[in-house]
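Heads up: the structure comes next, in structure tokens.
The values are calculated or read from the model by the stated rules, or taken from the named source; none is laboratory data. Because the structure is predicted, anything quoted here is derived from the model rather than measured. Every residue, glycine as well, gets a Cβ built from its backbone with ideal geometry; the counts of neighbours run over all protein chains shown.
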Amino acid sequence: MKTLIRPALSLFILLTIITGLIYPLAVTGIGQALFPAQAAGSLIQRDGKVIGSRLIGQNFTDPKYFWGRPSATGPYPYNAAASSGSNLGPLNPALHDAVAGRVKALREADPGNSAPVPVDLVTTSASGLDPQISPAAAAYQAARVARVRGLKLDAVQTLVAQHTEDRQWGVFGEPRVKVLELNLALDGLQPKP
């Protein structure tokens, strides 16, 4: 029995050191050396203060800002510690009610807009943390943002285009608009004369 316990215990300790200490430290060190911003959370700073991350959405509800995709995390929106989808199926009345409430909020914020509401403005994602919206969702909101801020619509549309990412490597995913960075850029624009 002793002949089996000693090698097993030695192997357990060795693998614990390798996989529990050496490997995580090596991967962390390499990540921080090659990708320092990403390893630090892709944080966005303004005036020396962290105001968000490029990877996690934020809850914008003021009509002067572009609104992101709704978050299913609770009890606080965009809570990375509670990342998950809503798990509501397409026949669930709670999903229908939630979507109807979001459509109503969008219509109330922009009563003159009769365009169809893009689906990503009223449904949550699998993570509940999406920092981007579709170009269609940004286009739907552009007139409201321009009107509330006193900006020309073409200036807002130009800003949206500047903050739109194409498909990754031109192939993967869909074009998307970075909401937090777009809203920060909007804060830097001056109203039309």
Inset, instruction - Would you mind finding the one in Ala161, Ala137 that is touching a strand residue (DSSP E or B) at 6+ places or on another chain (Cβ under 8 Å), of a type in the set (Gly, Ala, Ser) and either in the same structural domain as Leu106 (by TED's automatic domain parsing) or outside any helix (DSSP H, G or I) (or both)? - result: Ala137
Legend entry - Test result for Ala40, aliphatic (A, V, I, L, M), modelled with pLDDT of 90 or more and over 28 Å from Ala137 (Cα atoms): no
Inset, instruction - Just give me the residues in region 46-75 being over 25 Å from Ala109 (Cβ atoms) and buried (at least 18 other Cβ atoms within 10 Å of the Cβ), in sequence order. - result: Ser53
Legend entry - Residue within region 76-85 that is among the hydroxyl-bearing types (Ser, Thr, Tyr), surrounded by fewer than 12 Cβ atoms within 10 Å (Cβ to Cβ) and free of Cβ contacts under 8 Å to residues at least 60 places away in the same chain present: yes
Inset, instruction - Give region 157-180 a look and list any residue that's touching a residue at least 24 places away in the same chain (Cβ under 8 Å) and closer than 16 Å to Gln141 by Cα, or say none. - result: Leu159, Val160, Thr164, Arg176, Val177, Lys178, Val179, Leu180
Inset, instruction - Give me a count of the residues in region 140-151 that are surrounded by 14 or more Cβ atoms within 10 Å (Cβ to Cβ) and either outside any helix (DSSP H, G or I) or hydrophobic (A, V, I, L, M, F, W, C) (or both). - result: 6
Inset, instruction - Can you give me the ranges of the helices (runs of 4 or more DSSP H) entirely in region 1-93 with at least 3 residues that are over 22 Å from the mean Cα position of the chain (by Cα)? - result: 2-17, 23-34
Legend entry - Residue within region 100-119 that is under 10 Å from Arg69 (Cβ atoms) and surrounded by fewer than 14 Cβ atoms within 10 Å (Cβ to Cβ) present: yes
